[in-house]
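Trainee: The structure follows.
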Amino acid sequence: MLADHRDALPLVRVAGYAVTNDVTEREYQFADPGGQWAKGKSCETFNPLGPWLVTPDEVGDPQALRLRSWVNGEPRQDSRTADMIFHVAFLIWHLSQFTVLEPGDVLNTGTPQGVALSGRFPYLGAGDVMEVEIEGLGRQRNLLVPA
């Protein structure tokens, strides 16, 4: 079992933090020849990043930020980075055990509770407006359009 090594890697090696919208096309993801996470996350315009990069000294504790999302103005997710299964430092340490991390690499840390895959909400469609926000990092607004 993996332990949560909060101090496994000094976070001084992190250039900054940003909001990223980890979009997934579920129908494509689960279509034959079978479900696979990367397949549903690799379309053009997926994973918008921004609106800006916030330096670690401005962020403070990355495990103490509020994460929220809305679809068409309705709340979908409201969580905190403290709820993450693994802390940011551990995720960086763990990935560095089998992946060479270079300056400029972007690592997504995961999704807060409340995703559509849970069956709690319907999937997104063309015309929907997604907004995602992380406390102190900014908010982005994206209009879904047909591919």
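Trainee: Once you list every other residue whose beta carbon is under 14 Å from the beta carbon of G50, what net charge do they have if Lys and Arg are +1 and Asp and Glu are -1?
Mentor: It works out to a net charge of -1.
Trainee: Another question about this same structure. Could you order the peptides 53-63, 99-109 from most to least packed, using the average number of other C-beta atoms within 10 Å per residue?
Mentor: The packing order, highest mean first, is 53-63, 99-109.
Trainee: Okay, next question. Once you put a point 7 Å from the Cα of R80 and another 7 Å from the Cα of E58, both along the Cβ direction, what distance in nm separates them?
Mentor: In this crude spin-label approximation the distance works out to 2.3 nm.
Trainee: So, by mean Cβ neighbours within 10 angstrom, what's the order for 81-94, 122-135 with the highest one leading?
Mentor: Order by mean packing, descending: 81-94, 122-135.
Throughout, read-outs are computed from the coordinates displayed, never taken from laboratory work. Computed from a predicted structure; not experimentally measured. Positions of Cβ are backbone-derived with ideal geometry, glycine not excepted, and every protein chain shown enters the neighbour counts.
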